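Taken together, the values in this text are just the output of simple stated rules run on the coordinates, not laboratory data. This one's a predicted model, so the numbers in the text were calculated from it and none came from an experiment. We place every Cβ from the backbone using ideal geometry, glycine too, and count neighbours over all the protein chains shown.
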Amino acid sequence: MSAQAPITQDVMTIPRKAPEGPVNLVGLTRDQLRQALLSIGTPEKQAKMRVNQIWQWIYQWGVRDFAAMTNLAKAYRAQLAENFVIEIPEMVSKQVSMDGTRKYLVRIAGGHEVEVVYIPETDRGTLCVSSQVGCTLTCSFCHTGTQKLVRNLTSGEIVGQIMMARDDLGEWPEPGVGTGESGPRLLSNIVLMGMGEPLYNFDNVRDAMKIAMDGEGISLSRRRITLSTSGVVPEIAKTAEEIGCLLAVSFHATTDEVRDKLVPINKRWNIAELLDALRAYPKLSNSERITFEYVMLKDVNDTDEDARRLVKLIQGIPAKINLIPFNEWPGSPYQRSDWSRIEKFADIIYKAGYASPIRTPRGEDIMAACGQLKSATERARKSRKQIEAEAGVAQQ
């Protein structure tokens, strides 16, 4: 595969012609917003200032009505309203877990739905954002992977999830007040770990995260954004150079034989190729440690030998290993490793000098935990037998 070849999956990911009608400003980069304003006759000399003003209203104060943008002339506000809209995805439903986790079902253009999860902590809150409707990777332990890919999300639909969550949390500051002036933020971190593979939708993910990181808007540090990939190797260096956020990798196995079944993308870029790309990442992005996500599957990848092999594989990479007790879902072909087994696995990694936190499952009672997301309208049920056959797992 040449370096210039695009990373795509199928014809459904080809960008569609924009619908007729007012242009949605949400998701436009600063340069795209400038071009949009010029297109309606905004004087060239005023364009930069107008971009800054509108940007703050949309992304710092969460304003959706042009009439409320009081530092713009009344006639100009009317002109904006004639040509543009400020729209975010629609919240269809919200479920709140016993542990405070919130799962949102969100409707986007075309009537498709994705799921978004907010996880509150004592001093922060993390939003798990989706990048695609469905997923093409068919990871056999992941509920989302049993749903076929429908399409990529636009940058506006990605950043719109963040805006929707801030709406629900009541976290927009009053106009004229800075984002960080009202104390600790309820939504302080973003993880691109929802539905889809972010690096199969690189441009839209990059543009959305640039908006989220912009200091005159949502203003999240790049170190508060973590992108999780299953291992789209050619895009990893681009992520470092063009986004610069923290990186997590869905690793989950220590041999190609097992990873081919758990994470089928491994057949395209195997463990050795993936690790080579990861070794370069911290240097390229000046980032912190790479997080290796490792779901604990009973009698599949949880032996002492696996733990020792994992330590050997990641040698030389600034890393922490995030151990994830498997979150079961209807029809799943796997079981969660016994807690004593998970602790023994973690101990071997810890003694080798790596942080090895065991992730506390959150939102399991509302199917909001890691690997459980699957939108209701696309939830074509598969039998356990079908799933096991596709995963190459022997029936018990």
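Things to note:
- About the centre of its Cα atoms, segment 188-316 shows a dipole size close to 240 debye [charges on the beta carbon of Lys, Arg (+1) and Asp, Glu (-1) only; nearest 20 debye].
- Order of 104, 294, 281 under a 10 Å beta carbon neighbour criterion, fewest first: 281, 104, 294
- Binned Cα-Cα distances of segment 316-361, short to long, each 5 Å bin given as a whole percent: 5, 20, 27, 20, 14, 9, 4, 1
- The packing ranking of peptides 21-31, 152-162, highest mean first, is 152-162, 21-31, where packing means the average number of other beta carbon atoms within 10 angstrom of each residue.
- Within straight-line cross-link reach of residue 74, aspartates and glutamates at Cα separation under 18 Å, skipping those fewer than 8 residues along the same chain: 65, 82
- Sorted largest first, the principal axis extents computed over the alpha-carbon atoms of segment 21-85 equal 25, 24, 24 Å.
- Positive end of the dipole of segment 21-85 (Cβ unit charges, origin at the Cα centre): among 41, 85, 53, the Cα lying farthest that way belongs to 53.
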